[in-house]
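Structure record follows, encoded as structure tokens.
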Amino acid sequence: MIAQILPLADFTAPKIEYGELAPLLVVFGAACVGVVAEAFLPRPLRHMVQLAITAVSVIVAGVLTAMLMSEKKELIAAQGAISVDGPALFTWIILLALTLISVLLFAERSVDGGLSAFAGQAAAVPGSEAEREGTAAKVEHTEVFPLTLFAVGGMMLFASANDLLVLFVALEVFSLPLYLLCGLARRRRLISQEAAMKYFLLGAFASAFLLFGIALLYGYAGTMSLGGISDVLASDTGGEALLLAGTGLLGVGLLFKVGAVPFHSWTPDVYQGAPTPVTGFMAACTKIAAFIGLMRVFYVALGGSRWDWAPMMWIVAILTMVVGSIVAITQTDVKRMLAYSSIAHAGFLLTAFVGVAQAANGVHNGITSTQAVLFYLVSYGFPTIGAFAVVTLVRDAGGEATHLSRWAGLGKKSPLLAGIFAFFLLSFAGIPLTAGFTGKWAVFSAAWTGGAWPLVVVAVLSSLVAAFFYIRVIVLMFFSDLPADSPDVALPGWQTTSAVALGLAATVVLGLVPGPVLDLAARAGEFIR
């Protein structure tokens, strides 16, 4: 009967480019292996095995991505669903590098009495006897490693999605593990669970907006392919109401993940409540994937209607920079301050993104918008993970001492640690000879040459405001008296030491010798259709 309805001769097997998709397959395959290992391995073996599976898979995927970059692969794979182009490959390798550093922080057990940053049993009620028994037995949540692999695999897919349906699936694949990871903090369980619930609820609303926007764009174009939508736009078939409504709703979902104002309210609460290693991972990797996905959708699919969506992006960029910079001044918690800092950085990135509205495909006489954003994401990601790694080391009896008053005089107690954190803050502020300076120069230059000079003026003024609260923390650490009850500085294991060292080295190198990475971002080229 089935053969009569659908003759075998009419069926064409889909063509899957396994070689080009190998990095994605390795990451997702390793995540599945991690789930199986979690189910069958004895508990004492799980930590080392899961760490090995995660680290090896990330390294192998990185090597495969580097090989694809050297071969200059550019194609639309998986029946038009996934773009394997320069920006996608560049994003993959940066995501994998930052994930490897994050995994080192996940594996750290030296700074908190031989325990990791994650709760032993997520289902145990905070303060219950079950939780105390799990802590005494040093039970660990090694599920965090396969969850991390699923998250980074979803981010890689999100950054390369050439189809709106694949984009939505990728969004859910990397969001759901993050919701879980945010609620697994060993200390301050209630605030961690609250953060996870807020992130889940607001993320569900954002996903609904995104899906509704996808439906409207499909109604307008009759296709979910980004290139197909662009072709329909070029043919001017009418239906502008559907196009505008779909673009707006799609923008809400994507800007939520970026952390742009007014869709930013989840950011400070989630950054503060999540386990600090997870916060660092989210702050760096999620922003990278979200921005590349945002650019791919608006450059490739909706580039023909840029005069319609550009004014909205101008407003969002200005609000994001101003709100992020000003509200950060009022924060008294280090993690919330860094959260609002990340919001301000999202605004700086949007200045380069908006430059595309003034020049077709984002190409200018000098640096391109895509090149500027790619470099900025690199220069922001490494110091971000390094800064949150430092936060895990300043501790008192209750765990991490994140209130700013507890950091007073830290430079006298641990000059090296305070100096490293100060250097990361100077990079965020865009001080010369740091990665942040080169990154800001790149995005401001792209926006200026693209004609968005008013945004650059706002960005420079916002950067001056932001420099105040960064320098305030530095002054607090080095020029304040050390209180009698000052927190301790934990002796890090090799994992945290490596994460801080790699973040510091990348920040220094990108500030002093940015040329190779800028050239690599330039060779990545533009998004293909």
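Read the figures in this text as sums done on the coordinates, not as results from a lab. In this text, all values refer to a predicted model and were calculated from it rather than measured experimentally. Note: ideal-geometry Cβ built from the backbone for every residue, glycine included; neighbour counts use all protein chains shown.
If you build the convex hull over the alpha carbons only and average its shadow over all orientations, what do you get for segment 112-232? Give it in nm² to one decimal.
8.2
To the nearest Å, what is the center-to-center distance of segment 368-414 and segment 197-244, using C-alpha atoms only?
Measuring centre to centre over Cα atoms gives 37 Å.
Does segment 431-529 come out rounded, prolate or oblate, given a ≥ b ≥ c as the square roots of the eigenvalues of its C-alpha gyration tensor, rounded meaning a/c under 1.5 and, failing that, prolate meaning a/b above b/c?
oblate
Pairs of alpha-carbon atoms within less than 8 angstrom and 6+ residues apart define the contacts here; what relative contact order does the chain have, in percent?
Answer for the chain is 16 percent.
Which lysines does K73 reach when only Cα atoms under 19 Å apart count, and residues fewer than 8 places away in its own chain are ignored?
Filter leaves K15.
Mind giving me the FRET efficiency for K72 and V513? R0 is 30 Å, r the Cβ-Cβ distance, nearest 0.05 is fine.
The value I calculate is 0.80.
Between helix 144-160 and the chain, what is the angle of the helix's C-alpha long axis to the longest principal axis, kept within 0 to 90° and rounded to the nearest 10?
That works out to roughly 30 degrees.
Treating cross-link reach as a plain straight distance, find the aspartates and glutamates whose alpha-carbon is under 13 Å from the alpha-carbon of K198, omitting any fewer than eight places away in the same chain.
Counting by Cα, and skipping residues close in sequence, K198 has these aspartates and glutamates nearby: D269.
Does segment 23-68 classify as rounded, prolate or oblate by the C-alpha gyration tensor (a ≥ b ≥ c root eigenvalues; a/c under 1.5 gives rounded; else a/b over b/c gives prolate, otherwise oblate)?
It comes out oblate by the Cα gyration axes.
Given a cut-off of 19 Å, name the pairs among K287/K440; K257/K287; K335/K440 whose C-alpha atoms lie farther apart than that in the structure shown.
K335/K440
Which percent of Cα pairs goes in each bin when the distances of the chain are cut into 10 angstrom slices starting at zero?
Values per bin, smallest distances first: 4, 19, 30, 27, 14, 5, 1, 0, 0.
Measure nothing but the geometry: give the 0 to 90° angle between the long axis through the Cα atoms of 287-296 and the longest principal axis through the Cα atoms of the chain, rounded to 10°.
In the chain, helix 287-296 runs at an angle near 10 degrees to the longest axis.
Taking only Cα atoms, what is the 0 to 90° angle, nearest 10, from helix 494-512's long axis to the longest principal axis of the chain?
60
Distance from the Cα centre of segment 95-165 to that of segment 17-78, in angstrom?
So the two Cα centres are separated by 17 Å.
Per DSSP H run of n ≥ 4, the term is -39500 (n - 2.57); total these for the chain, divide by its residue number, and report the mean residue ellipticity at 222 nm rounded to 500 deg cm²/dmol.
That calculation yields -22500 deg cm²/dmol at 222 nm.
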